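Everything on this sheet refers to the single structure shown next.
The values are calculated or read from the model by the stated rules, or taken from the named source; none is laboratory data. Keep in mind the model is a prediction, meaning the values are calculated, not measured. Glycine also receives a Cβ, built like all others from the backbone with ideal geometry; neighbour counts cover every protein chain displayed. All accessible areas refer to the heavy atoms of the entire protein, side chains included, with ligands and DNA or RNA removed. Shrake-Rupley method; radii C 1.70, N 1.55, O 1.52, S 1.80 Å.
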Amino acid sequence: MKTFQYKPVNVCSQLFEITVDDNNVVTDLKILGGCHGNLQGISSLVKGMNKDEVIAKLEGIKCRGSRTRETSCPDQIAKALKSI
């Protein structure tokens, strides 16, 4: 099992701490900053999923908040998992 930290860019979240086991299954995802309720929900949903499945589901999602961004917290989670 390994735990790593990722600093997302161009989103409200400030830091991800992700734990992935030896079978590439996400066992924990902690997120500092951002929309707490939504990110807590995403964190709960990805636990137990293979990292490649999480990447496939979250990659490319854009934030459409007060201004359109080319990324989002879910997209940044996918980028974090791809960096492993």
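Of note:
- Of all residues in the stretch 38-59, those satisfying the criterion of being free of Cβ contacts under 8 Å to residues at least 24 places away in the same chain and more than 14 Å from Pro74 (Cβ to Cβ) are Lys47, Gly48.
- The residue that is most open to solvent (accessible area, probe 1.4 Å), among those in the stretch 50-84 that are more than 12 Å from the chain's Cα centre (by Cα) and among the polar types (S, T, N, Q), is Ser66.
- The residues of the stretch 40-84 that are farther than 15 Å from Thr19 by Cα and of a type in the set (Val, Ile, Thr), listed by number, are Ile61, Thr68, Thr71.
- Members of the stretch 39-75 found to be assigned to a helix (DSSP H, G or I), out of contact with any helix residue (DSSP H, G or I) (no Cβ under 8 Å at 6 or more places or on another chain) and closer than 17 Å to Pro8 by Cα, listed by number: Gln40, Ser43
- When residues of the stretch 4-27 are limited to those that are in a loop (DSSP other than H, G, I, E, B) and open to solvent by less than 30 Å² (accessible area, probe 1.4 Å), the one farthest from Thr68 (Cα to Cα): Pro8
- Considering residues of the stretch 28-38 that are crowded, with 16+ Cβ neighbours inside 10 Å and modelled with pLDDT of 95 or more only, the residue farthest from Met1 (Cα to Cα): Ile31
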